[in-house]
Amino acid sequence: MSTWELETEIESYYERGGERERLTRNARGRLEFARMQDLLRRKLPGAGLEVLDVGGATGVHAKWLAEDGHRVTLIDPVASQVEVAAQLPGVTAVVGDARELPWDDASFDAVLLMGPLYHLTDRAHRVQAVAEAARCARPGGTVAAVTINRTAGWNDFLLFRGGGADKGLSAEASLRIMREGTLRYYDQDIFTTAYLAHPGEVASEFADAGLDGAAQYAVQGFPGYIPELERLIDEPDTREHLMDGLRLIEAEPSLLGASNHLLTIATVPAS
């Protein structure tokens, strides 16, 4: 049993259930989902893998990974989300915490942290979560983690204002988040407690967890902030052109921070 406790505001946010449709309800979500699938399908170390989805929520990624032929185990701290994920074919789901994984060393071919790192506001806890992922992955296996970039709150503020929406986030608050990284607007229609990181911070945390030389990929890239994305993402030719372009710039160091989300991937070294 994990000794860690989930912050009350984070659990309350996910209990609302709004995140279950986040990757399908609008163009920005659909682009993020499509890019995450594209990146992982290209970067995972083979077919028919044993995959651990840490902080996997209701199984939005576990579902397609299982459909792709991987054997997926999901762990999440929110019991109601685990109940939903456990109903998915080919997915085993348990309640637990990213900082204390209940599996033996070298149990999985790939360990994914698709959400935990941006809900851990303490650096030591983020390093602990990555180290636990590395411990549970086999030598030569993959650890992949998603983080939210430092500029995301400011960009969201501008998009909200540009679209005439007032989410209760002030201009000064958006700048504070960009300066300090910590978001705590769980009482408003934005998000919940989270840490927004610089790409270099994430690479440093991977290194401190024993995973040197991690590769980093912009998920949505700057096109994710295009106001007209809603008209572009579902038009087949334009969508494919968008995906082709994003593959070309996904690892460009000068553009990594200009994306809402970042995917950091490392190979577990041989013992």
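Summary of values
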item: Prolate/oblate/rounded label for the stretch 77-141 (Cα gyration tensor, a/c 1.5); result: oblate
item: Local net charge near Asp68, Cβ-Cβ under 15 Å (Lys/Arg +1, Asp/Glu -1); result: 0
item: Residue-normalised accessible area of the chain, given per residue in Å² at a 1.4 Å probe; result: 45
item: Formal net charge of residues neighbouring Gly48 (Cβ-Cβ distance under 10 Å; K, R +1; D, E -1); result: -2
item: Rg/Rg_ref, the stretch 124-166, where Rg_ref = 2.2 N^0.38 Å and atoms are Cα; result: 1.88
item: Rounded percent of accessible protein surface that carbon and sulfur make up, the stretch 224-271, 1.4 Å probe; result: 58
item: Cα centre as origin, Lys/Arg/Asp/Glu Cβ charges: the stretch 39-162 dipole, Debye; result: 540
item: Accessible surface of the stretch 64-201 [probe 1.4 Å, protein heavy atoms]: carbon and sulfur percent; result: 51
item: Total charge dipole magnitude, the stretch 111-237, about the Cα centre, Cβ charges on Lys, Arg, Asp, Glu only, Debye to nearest 20; result: 400
item: Cα-based shape type of the stretch 6-148, given that a ≥ b ≥ c are square roots of the gyration tensor eigenvalues and the cut on a/c is 1.5; result: rounded
item: Relative contact order (%) - criterion: Cα under 8 Å, at least six apart; region: the chain; result: 19
item: Cα shape, the chain, gyration tensor, a/c 1.5 rule; result: rounded
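The values are calculated or read from the model by the stated rules, or taken from the named source; none is laboratory data. Keep in mind that what you see is a predicted model, and the values were worked out from it rather than measured. Because the Cβ atoms are built from the backbone with ideal geometry, glycine has one as well, and the counts that use them run over all protein chains shown. Side chains included, ligands, DNA and RNA excluded: accessible areas come from the protein's heavy atoms. Shrake-Rupley method; radii C 1.70, N 1.55, O 1.52, S 1.80 Å.
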